[in-house]
1. Does A169 count as over 22 Å from A273 (Cα atoms), touching a helix residue (DSSP H, G or I) at 6+ places or on another chain (Cβ under 9 Å) and among the small types (G, A, S)?
2. Let me confirm something: among E134, E97, E144, which residue is in a helix (DSSP H, G or I), open to solvent by 20 Å² or more (accessible area, probe 1.4 Å), closer than 12 Å to K164 by Cα and touching a residue at least 40 places away in the same chain (Cβ under 8 Å)?
3. Within the stretch 195-209, restricting attention to residues that are open to solvent by less than 50 Å² (accessible area, probe 1.4 Å) and modelled with pLDDT of 90 or more, which residue is nearest to L179 (Cα to Cα)?
4. Restricting the stretch 114-131 to residues that are touching a Ser or Thr at 6+ places or on another chain (Cβ under 6 Å) and crowded, with 22+ Cβ neighbours inside 10 Å, which is farthest from S177 (Cα to Cα)?
5. Out of V320, V344, I need the residue that is free of Cβ contacts under 8 Å to residues at least 60 places away in the same chain and touching a helix residue (DSSP H, G or I) at 6+ places or on another chain (Cβ under 7 Å). Which one?
6. Whether any residue in the stretch 215-227 is within 23 Å of the chain's Cα centre (by Cα), open to solvent by 60 Å² or more (accessible area, probe 1.4 Å) and more than 28 Å from D345 (Cβ to Cβ) is what I want to check.
7. Going residue by residue through the stretch 170-180, is there one that turns out to be closer than 19 Å to E334 by Cα and touching a residue at least 24 places away in the same chain (Cβ under 8 Å)?
8. If you scan the stretch 33-59, which residues turn out to be farther than 25 Å from D108 by Cβ, exposed (fewer than 13 other Cβ atoms within 10 Å of the Cβ) and among the charged types (D, E, K, R)?
Amino acid sequence: MAVLTLTEKLNQLGTRYDELTQQLSTSEVASDSARYQKVAKQHAELEQIVEKHREFKQIEKDLAGAHQMFLEAEDAEMKQMAQEEEKALTARKETVERELKLLLLPKDPLDDKSVIVEIRAGTGGDEAALFAAELFRMYSRYAETQNWKVEVLESSPSSLGGLKEVVAAIQGQKVYSKLKYESGVHRVQRVPATETQGRIHTSAATVAVLPEADEIDIKIEPKDLRIDTFCSSGPGGQSVNTTYSAVRITHIPSGLVVSQQDEKSQIKNRAKAMRVLRARLYEQEQEKRQAALSAERRGQIKTGDRSEKIRTYNFPQNRVTDHRIGLTLHQLTEVMDGKLAQLVDGLVSHYESERLQQELATA
């Protein structure tokens, strides 16, 4: 079977995009809700590639025109202008061609998924718990800018108003694609409110971003679960310590244990605990697959090891540094307020470029 060239593949996708555009305008598709959604999704997936290819073809056309002008120009100034335009268009063509290749990379099948985010205070005691709470606020603010929904599944407050631990579901479009590189150790350097001599302390919190698994993704057999109920120990009014609403689920084959007590209803706590358990089991399965793949192929790109120090937040200097890509921003105040676009987009671009280089090297 002949391998399609880049141009042939792009032309083929362009033809398919036009077919889908035509289908969306027919009454037959419009009257069938399920079919319309399916066609619209395929159309949206191709739109960015097709628009980028059209831009590439327009650059090629403009480049040919600039070159022709350079050859035909008799005036030295016009010749220089044509040469400068040709140079600028050549550089733009290389950039767009690279962007096209990135768009054609096989998509991570998890990118469209919603996520479970787990943030835990690390070294640093109360200061680490305060920082964990600020990280959760940062991601919540960022989620607002993306029109995502944040739902707290489990939380454990500290005495000074921080969070020892918080587990939250973030739901929306392509959440995992944006947040998958946030897993790891986040380090903070600042003078704690409890510090009387003005010394800078270093504390840390860990972040884990797990793709939320559906029942289709992970099958959990009832016989593999041990479910214990107990009295809630946190806030909750009169029902606390009087009803067995809290739930602890143990997955016997893996040894994973999930507890949930935020809700007054045992049923709701059980449902939340199952969501977290399913996500953790799904992550274990993904880690096994990545380990098997990396054994066959060197340089496997990680989506974030939670034991790795990935980012430092330096408050005295209003500086945040992502150590993986060497990106430093002197905009810590804005970052902590949820303005994460530069960090998120920089990470995605970096790892996608690495993936492109791997694909080209093994092609």
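1. Working: over 22 Å from A273 (Cα atoms): no; touching a helix residue (DSSP H, G or I) at 6+ places or on another chain (Cβ under 9 Å): yes; among the small types (G, A, S): yes.
Considered against the rule, which asks whether it is over 22 Å from A273 (Cα atoms), touching a helix residue (DSSP H, G or I) at 6+ places or on another chain (Cβ under 9 Å) and among the small types (G, A, S), A169 comes out as no.
2. On the way: E97 fails: closer than 12 Å to K164 by Cα; E144 fails: closer than 12 Å to K164 by Cα.
None of the other options fit; the residue is E134.
3. It comes out as V209.
4. E127
5. Values: V344 fails: free of Cβ contacts under 8 Å to residues at least 60 places away in the same chain.
The unique qualifying residue is V320.
6. Yes.
7. Keep residues of the stretch 170-180 that are closer than 19 Å to E334 by Cα, which gives 178-179.
Those still in the list that are touching a residue at least 24 places away in the same chain (Cβ under 8 Å) too: 178-179.
Yes, there is a match, as at least one residue in the stretch 170-180 is closer than 19 Å to E334 by Cα and touching a residue at least 24 places away in the same chain (Cβ under 8 Å).
8. Filtering the stretch 33-59 down to residues farther than 25 Å from D108 by Cβ leaves 33-36, 54, 57-59.
The next check asks that each one be exposed (fewer than 13 other Cβ atoms within 10 Å of the Cβ); those that pass are 33-34, 54, 58.
Matches in the stretch 33-59: R54 only.
The values are calculated or read from the model by the stated rules, or taken from the named source; none is laboratory data. Computed from a predicted model, the values in this text were never measured in an experiment. Glycine also receives a Cβ, built like all others from the backbone with ideal geometry; neighbour counts cover every protein chain displayed. SASA here: full protein model, heavy atoms, side chains in, ligands and nucleic acids out. Shrake-Rupley method; radii C 1.70, N 1.55, O 1.52, S 1.80 Å.
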